[in-house]
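Input: a single structure, listed below in C-alpha cells.
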Amino acid sequence: MPSISEKSTRPHRHRKIQARVAVVGGGIAGMASAARLAASGCQVVLFEANDYLGGKLNDRHSAGFRFDCGPSLFTLPETLETLFRDCGKDLKDYLQYDKLDLITRYHYGKGNFVDAWADQEKLGVELYDKFNEDPDKVRKYFKRIKWIYNLTTPVFLQKSIHRRLELWSLSNFLRLFALPFAGVFRSLYELNRSAFDKERTAQLFSRVATYNGSDPYRAPGTLALINHVEYGLGTFYPKGGMIAIRDALQKLINDLGVEVRLSTKVDRFHVFQNRIIGVKVDGNRIPFDRVVSAVDIAYAKEYLFSRDLLEPKMKTSDLGMSAMVFHWGIKGTFPQLDLHNLFFSRKYRREFKSLAAKQIPQENTIYLYVSSKLNKSDAPEGHENWFVMVNMPCDQKHDWDKITEITRNAVLSRLSTDLSVNVEELIVDENVMTPLTFEKTTRSYAGALYGPHSNSVFSAFRRYPNKHPRIHGLYFCSGSVHPGGGIPICLHSAQIATRWLMDGLRKSKGKHRSHSSE
Ligand SMILES: Cc1cc2nc3c(=O)[nH]c(=O)nc-3n(C[C@H](O)[C@H](O)[C@H](O)COP(=O)(O)OP(=O)(O)OC[C@H]3O[C@@H](n4cnc5c(N)ncnc54)[C@H](O)[C@@H]3O)c2cc1C
C-alpha cells in the first residue's frame, strides 16, 4: 500500500498514545480530523481510496493548462487558521492568500454587468447605478444578515446540534427562541425579495443557496448568512490557486505524523456488539479503537455498514444538487471576465423547478471561473482556463452523454452571444465532469456534491450527526453530514467530530481509572 508519510516527523512520539484511530477518506474533512487527532496524541491512519488526497479539492493538468476540479471560492480562512493553531502550527507557514476586492461579476448580456464588490458601500452604489436599487435597503440587509450570522453560527455551524452537552446551554436556548426572526419560515428568495425593491437584487443575493446544493426558492431564509460570509467577512484566493489549500493540509498531516494509505479503499466498518473495532480492507480486518468516517454519508450507508446493522439508506430525493463542469482551455483573453463570473438563466425559477424534479433545466445559470486571471501559470500566454459550471440534479440513471451534448451547445450559445464571440472556435483543450464523474472520483452517492439538501426548515436537524447514535466509537465528518458542505463548514465538521471523539476517550479513560482504583 503506498504511503506518502514515511519521512514524517512525529512530534508526539514522546507522548502516551491516546488511541489508535482510522480516518476513512482523505478529503478536506478527513485531513482536518486526522490532523486534529494526531495533534491530540492519537495514532492516526488515514485511508484514501484515490491515489491522491483532497477528494473534491483536486486539480487537473492538460495541454499547459491547470484546472480546478472542485472548489473555487475560498471563504472563512479563520477556520483554517484555527485548525493549524489547534495543531500547534501557524497557517502562514503553509498557505498565503489575498482578499478579493471584487467578489463576482454578474453578466446581463450585451456587455452589461454588475460588479459585486466586497466593499458594501461600493456595492450599494453599483446596485443603485445598475438596478436602481435603494442603497439604504442594501445597508439594512447587510445589517440584518450579520445578525442572522451571529445568531446562528455558534449553534448550527460550530457545535453539534445532536449532542445535548453542546446544544443545551442558556445562550443557545435564547438563540433558538430568536430563530423565527432569522428567516427560518421563509425561503431565501422570499426573504430577499421583501428586503429589496428590485427583483434582480433579490436574485443576486438568493443564488448563495446553491453553495450547499439547495434551492433558493425552498431553502430557508437563514441561508442569507452566506451573503454575510461573502460581503461581511470577505472572499479570498490562495496563492498558487485553490489546490494550495489541499497541499497545506497534506503537509500538515505529514508534519504531524499521520500515516496516509493511498489507493486503499475501506470496504466496511468492523463492528462487534455495537462497538467499532476497526475497518475491513481487502478482506483483512485492521483493528482500531475509534473510526472517523469522512466520506459521503449516503455512500457510507449504502456500502460501509454491514447489513445486520440495519442502517437506513438515504433517499435520492433527499440529496442536494450535483453539477456539470466543462474545463475549456481558451485561446485568447477576455478583459470583460473576472475571476468569478455568473450568467443567470432567464428562467431562474423554472431552472430550480426542474432540478427539484431531478430533471434537466431547459436553460442553465452559468458560473464561469477563470483562475488564470490571478494565477497566471494556470494557462499558457495568451490563453485562459475556463471552468464552466452549471447546476444539475444528482444522478437518477439519466443519459449523461446526451445531456452533456445538449448542455454544451446551450452553454456555448449563451456565452457566445453574451461575449460576442464564437467561443467554440477558441477551445483548444476540453474535458467535462458530470454527476457520474463526481460519484466515481469522490464516491459521492449519485454525484450529489453536498449530500442532503438544506431545502427545509428542519434540514439542519435532519443532517446526519457527527457520532453514530448506536455504534460506540464511530464518528462522522464531511460536507454531507452536520453542519454541511463547503471548505470551511467541512473544517467545522471535523472539529465537532474530533472534539466529541476526544471527549469520549477522556470519559472512558476516567471510568477505567475509577474502576481500577476501586
Ligand atoms: C464542482 C464543485 C465546486 C465546489 N465549489 C466550492 C466552493 O467554491 N467553495 C467551497 O468552499 N466548497 C465548494 N465545493 C464543496 C467542497 O468541495 C466540498 O464540500 C468539500 O471539498 C468536501 O470535502 P469532504 O472531505 O467532505 O469530502 P470529499 O472531498 O468528497 O472527500 C471524500 C474522500 O473520501 C474518499 N473515500 C470515499 N470512500 C472511501 C473508502 N471507502 N475508503 C477510502 N476512501 C474513501 C474519496 O475518494 C474522497 O477522496 C465544491 C465542490 C464541487 C464538487
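The values are calculated or read from the model by the stated rules, or taken from the named source; none is laboratory data. These figures come from a predicted structure and were not determined experimentally. Cβ coordinates were reconstructed from backbone atoms using ideal geometry, including for glycine residues, and neighbour counts include every protein chain displayed.
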From the options Gly232, Gly320, Gly283, residue that is of a type outside the set (D, E, K, R), modelled with pLDDT of 95 or more and over 19 Å from Leu491 (Cα atoms): Gly232
Single condition Lys110 does not satisfy, out of (1) touching a residue at least 24 places away in the same chain (Cβ under 8 Å); (2) within 25 Å of the chain's Cα centre (by Cα); (3) surrounded by fewer than 19 Cβ atoms within 10 Å (Cβ to Cβ): (2)
Selected residue (only one of Thr498, Thr434, Thr442, Thr417 is out of contact with any strand residue (DSSP E or B) (no Cβ under 8 Å at 6 or more places or on another chain) and of a type in the set (Val, Ile, Thr)): Thr417
Candidate set from region 67-83 (those that are among the aliphatic types (A, V, I, L, M) and either at pLDDT below 95 or more than 7 Å from the ligand (Cβ to nearest atom) (or both)); member that is farthest from Gly27 (Cα to Cα): Leu76
Selection within region 282-321 - in a strand (DSSP E or B) and either within 30 Å of Pro393 (Cα to Cα) or within 16 Å of the ligand (Cβ to nearest atom) (or both): Asn284, Arg285, Ile286, Val291, Val292, Ser293, Leu319
Test: residue in region 3-21 that is at pLDDT 95 or above, within 16 Å of the ligand (Cβ to nearest atom), surrounded by 15 or more Cβ atoms within 10 Å (Cβ to Cβ) and part of a loop (DSSP other than H, G, I, E, B): no
From the options Lys159, Lys143, residue that is among the basic types (Lys, Arg) and either part of a helix (DSSP H, G or I) or under 30 Å from Thr417 (Cα atoms) (or both): Lys143
Among (1) buried (at least 24 other Cβ atoms within 10 Å of the Cβ); (2) away from the ligand (no atom under 16 Å from the Cβ) - the single one Gly479 does not satisfy: (2)
Search result, residues across region 322-341 that are outside any loop (DSSP other than H, G, I, E, B) and either under 21 Å from Pro435 (Cβ atoms) or away from the ligand (no atom under 15 Å from the Cβ) (or both): Ser322, Ala323, Met324, Val325, Phe326, His327, Trp328, Gly329, Ile330, Lys331
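Residue by residue through region 282-304, note down the ones that are under 27 Å from the mean Cα position of the chain (by Cα) and surrounded by fewer than 20 Cβ atoms within 10 Å (Cβ to Cβ).
Lys301, Glu302, Tyr303
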Of all residues making up region 46-66, the number that are more than 18 Å from Ala248 (Cα to Cα) and within 11 Å of the ligand (Cβ to nearest atom): 3
Pick from region 181-203, criterion crowded, with 17+ Cβ neighbours inside 10 Å, of a type in the set (A, V, I, L, M, F, W, C) and assigned to a helix (DSSP H, G or I), ranking: modelled with the lowest pLDDT: Ala182
